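Structure first, then comments.
The values are calculated or read from the model by the stated rules, or taken from the named source; none is laboratory data. Keep in mind it's a predicted model, so treat the numbers as computed, not measured. Cβ sites come from the backbone with ideal geometry, for glycine too, and all protein chains shown count toward neighbours. Surface areas here come from the heavy atoms of the whole protein model, side chains and all, with no ligands, DNA or RNA. Shrake-Rupley method; radii C 1.70, N 1.55, O 1.52, S 1.80 Å.
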Amino acid sequence: MSAADELLDIVDEDDRVVAQVPRGEAYALGLRHRCVFIQARDAEGRIFVHRRTPTKLVFPSMYDMFVGGVVGAGESYDAAALREAEEELGVSGLPRPVPLFKFLYDGGDGQSWWSSVYEVRCELPVSPQVEEVAWHGFLTDPELERRLSKWVWVPDGLAAYERLKAYRAGRPS
């Protein structure tokens, strides 16, 4: 099955399931669905950063400071977070990602999804999926901040990152 054929739960503004459709249809019609964002840090506390492959359905070839993706139909946010983190990092046996907060991303042009943000410590050697990740590295917080204005970042990841910084600083997001 291709990624475009994967079934997604379509949700309303209160994150209640209202339908199930294939991912490709959800994207084409701009239907609201669910996603997870997991900030992965290595044993030294550095953040896993990667550039998406040019074949990705959404935001191809852009950089991201989260691993993650869509929540499948009938799947919980927590299950999706662990599945996506292990898939994108290319590891198994990862600790369960810790849920932090949820927000409704709205990028306009029919790009809207409920987004659950997590964090996880990955002390395992990573081997990211070549279908998903074109480049990867672990950056310190200051290194990541310096690259924010230099690299082209996925807009939903930037939105999640700004909210995560506010969350950690104890400010409302």
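Pairs linking a residue in segment 68-79 that is more than 15 Å from Leu7 (Cβ to Cβ) to a residue that is surrounded by fewer than 19 Cβ atoms within 10 Å (Cβ to Cβ), with Cβ atoms under 8 Å and 6 or more positions apart or on different chains, are Tyr77/Pro99; Tyr77/Lys102; Asp78/Arg96; Asp78/Pro99. Applying the set (1) out of contact with any Asp or Glu (no Cβ under 9 Å at 6 or more places or on another chain); (2) in contact (Cβ under 8 Å) with a residue 12 or more places away in the chain; (3) open to solvent by 50 Å² or more (accessible area, probe 1.4 Å); (4) not aromatic (Phe, Trp, Tyr) to Arg46 leaves exactly one unmet item: (1).
Condition check ((1) more than 18 Å from Lys56 (Cβ to Cβ); (2) exposed (fewer than 15 other Cβ atoms within 10 Å of the Cβ)) across all residues:
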position: Val120; (1), (2): yes, no
position: Leu124; (1), (2): yes, no
position: Glu131; (1), (2): no, yes
position: Leu144; (1), (2): yes, no
position: Val154; (1), (2): no, no
position: Leu158; (1), (2): no, no
position: Leu164; (1), (2): yes, no
position: Arg168; (1), (2): yes, yes
position: Arg171; (1), (2): yes, yes
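Among the numbered conditions (1) touching a residue at least 24 places away in the same chain (Cβ under 8 Å); (2) in a loop (DSSP other than H, G, I, E, B), the only one that Gly24 does not meet is (2).
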